[in-house]
Structure formats: structure tokens, C-alpha cells
Amino acid sequence: MLPVANPKTSISFELFPPKTEEGYQKLLATIEQLCALKPDFISCTYGAGGGSREKTLDIVEHIQTQWGIKAVAHLTCVLHTKDEILNILQEMKRRHIHQVLALRGDPPKEHPDWQPGPKNFKYSCELVSFIRQHFGSYFDIGVAGFPEGHLLAPNRDVDAQYLKSKIDAGADYVITQLFFNNQDYFDYRSRLKKLGVNKPVIPGILPITDYQALIKFCALCGASIPAQVHEIFKPIADNPEKMLEAGIHFAIQQCRQLLDKGAPGLHFYCLNKTHPVDVILKAVRE
Ligand SMILES: Cc1cc2nc3c(=O)[nH]c(=O)nc-3n(C[C@H](O)[C@H](O)[C@H](O)COP(=O)(O)OP(=O)(O)OC[C@H]3O[C@@H](n4cnc5c(N)ncnc54)[C@H](O)[C@@H]3O)c2cc1C
């Protein structure tokens, strides 16, 4: 199941575990502010091979127990053996965590040539099957979707087939990679529908606040930047106030159109900050 009360209006935020204790304390304050916005759930990323892995479960447990908000633990399988994954899932269960976003992840820069062997999972669909095999319906399982196709997928149709294999393996819902052209999301949903995928596909939204960072980030994750976005943001790249204002305006328009055309919710990549998601959400909820 999608971890929300009303799947038609699911609002969620994504956090990442900070690297320092100071950052962690700051995040706890941000979580309090984000929970005051009454999201349906908050998810926390899992560093593929990074040192902050154990923090994911701490953050998820904190959100659930301290604030009574559903929280989703991302779990990536690169660099982990199946036995290790089983231990992590058992630890989640011990902590009463019911929500997992099942991912493959990417080999981290310290291990760029890492390849899965017989003791590892190759694709996230295998991780989804494994979770269902060992835990039945205990977990609600989300998976990642790529409206423009994953960076390494041969094309968008094949990518949609891969997404279907995750759903067939037992996933309940999809959260998408960020995108800026809503048509990519609508086309993606049509492709999935043709394949018989009817699970909720929640669009991932990144509010644009920094033009240079946007270019770097999109190059890494494979999201394209439409000409319209360059036209709006490039001329004001050196003016933080104007960037913020334009970023809020762009995100509000994007979110409104998505919801108007039937998106089942919005998942904000809020980069561990409350602002400007708070302003965007207020406008979208009006
Ligand atoms: C919402 C969201 C949250 C994320 N959270 C994290 C996080 O917490 N930590 C992190 O490190 N990364 C995270 N990522 C990034 C993600 O791990 C990478 O994009 C990764 O490259 C793909 O992960 P996946 O789960 O989609 O992998 P897969 O579904 O396994 O896909 C990986 C590659 O294999 C191909 N493929 C998939 N299935 C098959 C198949 N059956 N046969 C052949 N090829 C196949 C795909 O086209 C793709 O190229 C997130 C991405 C999204 C969209």
C-alpha cells in the first residue's frame, strides 16, 4: 500500500542523513518543522556505500515515534550481500519500520567498478522479490521510477518494462526521479498504463533554488533541463533572491498542473530544508 491516508493527495518529503553530528541535530529541528506541515510521509535516503547508512534507520524511527508521521527507509543493495540486506530488514522490523523504498543504488566513487556477484542483488526487482519472500506483506514497498528513462536504460519503453518487473515482484507504489517537463511524467504514466501498471506513481519535485547546482545535479541523475528552465533561471543565476522567487513560482505551476491532471501526490526533494517547500505547499493546497 502507498503509505498515505488518502492516496489522491499524498504529500511527502525526502531527507538525507547528514554527515556530521551538528548536521544531524539541525536535521532534527527541520524534521519538526516539516512534520508541522502534515505530510503523509517522509522518506530518508540510504547512502550507497557511504558512512551514514545506519543514520537512515535512526531518522526514520525518530520521525515515526517522535512525530507520529509515517516514514520510509530507502534501502540500496549495491555493496551489500543478500545476508546483510536480510539483517537490515530484520533490524527495520525490530524498530517497527514498515515502509521501505527498495533500490539498487549506484556503486559509490570509492568502489566505481563494483559488480554484483551471486551473493548480491543485480537489480532492484530482485530486492523487492526478496523482501516479499522473507517478510510477506509486513512492508509497504516503494520503488524508483524514471519518467525520462533511467540514464543507463536503452530507451523509455524498455525502462517502463523494468519498472513493471518491480511492480510484478511486489512493489506497491513508485516515486519518480525529478523532472521539469510535466509531459514526460504524463507520457510515462501512459506507457506504464499500457503495460498494465496501475500502482500510484508519485512525481518527484525538486524546487529550483540554485542554477549551477541544478546543472551538476541533473548531469549526475540523468534528468534533462528543458530550454524553458534555462531561459528562466540562467539570467538570474547570480541573484539568490530572484532565483528563490522564480523557483517557487515554477514549482507551484508544475505541482498544480500535475495534481490537476491526476498525479496521486507530490514528493518533494527538500534537501533537508523546510523553505521553500513550505511556501510551495501552502500555495498548492489553497
Ligand atoms: C525516488 C528515488 C529515490 C532514490 N533514493 C536513493 C537512495 O536513497 N540512495 C541511493 O544511493 N540512490 C538513490 N536513488 C538513485 C538510484 O539508486 C539510482 O538511480 C540507481 O541507478 C537506480 O536504482 P533503481 O532502484 O531504479 O535500480 P534498478 O531498478 O535495479 O535499475 C538499475 C539499472 O538496471 C536497469 N534494469 C532494471 N531492471 C532491470 C532488469 N530486470 N533487467 C535488466 N536491466 C534492468 C535499469 O534500466 C537501470 O539502468 C534514488 C532514485 C530515486 C528516483
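Throughout, read-outs are computed from the coordinates displayed, never taken from laboratory work. Only a predicted model underlies this, so the values are computations on that prediction, with no experimental measurement involved. Here the Cβ is made from the backbone with ideal geometry for all residues, glycine too, and neighbour counts use every protein chain on show.
Each peptide in 166-172, 202-208 receives the mean, over its residues, of other Cβ atoms within 10 Å, and ordering these scores from highest gives 202-208, 166-172. Between GLN115 and GLN212, the modelled label-to-label distance comes to 3.9 nm, taking each label 7 Å out from Cα in the direction of the beta carbon. Scaled against 2.2 N^0.38 Å for its residue count N, the alpha carbon radius of gyration of segment 229-281 is 1.22. Database remark: amide H of ALA71 closer than 5 angstrom to the amide H of ILE42 (H placed geometrically; neighbours at sequence offset of 5 or more, or on other chains; Pro and chain starts carry no H).
Within segment 90-126, report the trypsin sites (Lys or Arg not before Pro) that DSSP leaves as loop and that have at most 11 other Cβ atoms within 10 Å. Answer in residue order: LYS109, LYS119. Working from the Cα coordinates of segment 7-285, the gyration tensor eigenvalues give, after taking √(5λ), semi-axes of 28, 23, 19 Å in decreasing order. Across segment 7-285, C-alpha contacts under 8 Å between residues 6 or more apart give a mean separation that, scaled by the residue count, equals a relative contact order of 19 percent.
Counting lysine pairs in segment 163-286 that sit 8 or more residues apart in sequence, or on different chains, and whose Cα atoms lie under 25 Å apart gives 20. From its DSSP helices (H runs of at least four residues, each -39,500 (n - 2.57)), the chain gives a residue-normalised ellipticity at 222 nm of -14500 deg cm²/dmol.
In terms of surrounding Cβ atoms within a 10 Å radius of their Cβ, THR176, THR20, THR9 rank from fewest to most as THR20, THR9, THR176.
Let's test the formula: R0 of 30 Å, r as the Cβ-Cβ distance of ILE236 and LYS193. What FRET efficiency results, to the nearest 0.05?
Working: r = 38 Å, r/R0 = 1.27.
With R0 = 30 Å, the Cβ-Cβ based efficiency is 0.20.
Label point of LYS82 set 7 angstrom out along Cα-Cβ; within segment 100-142, amide nitrogens under 15 Å from it belong to 116-135.
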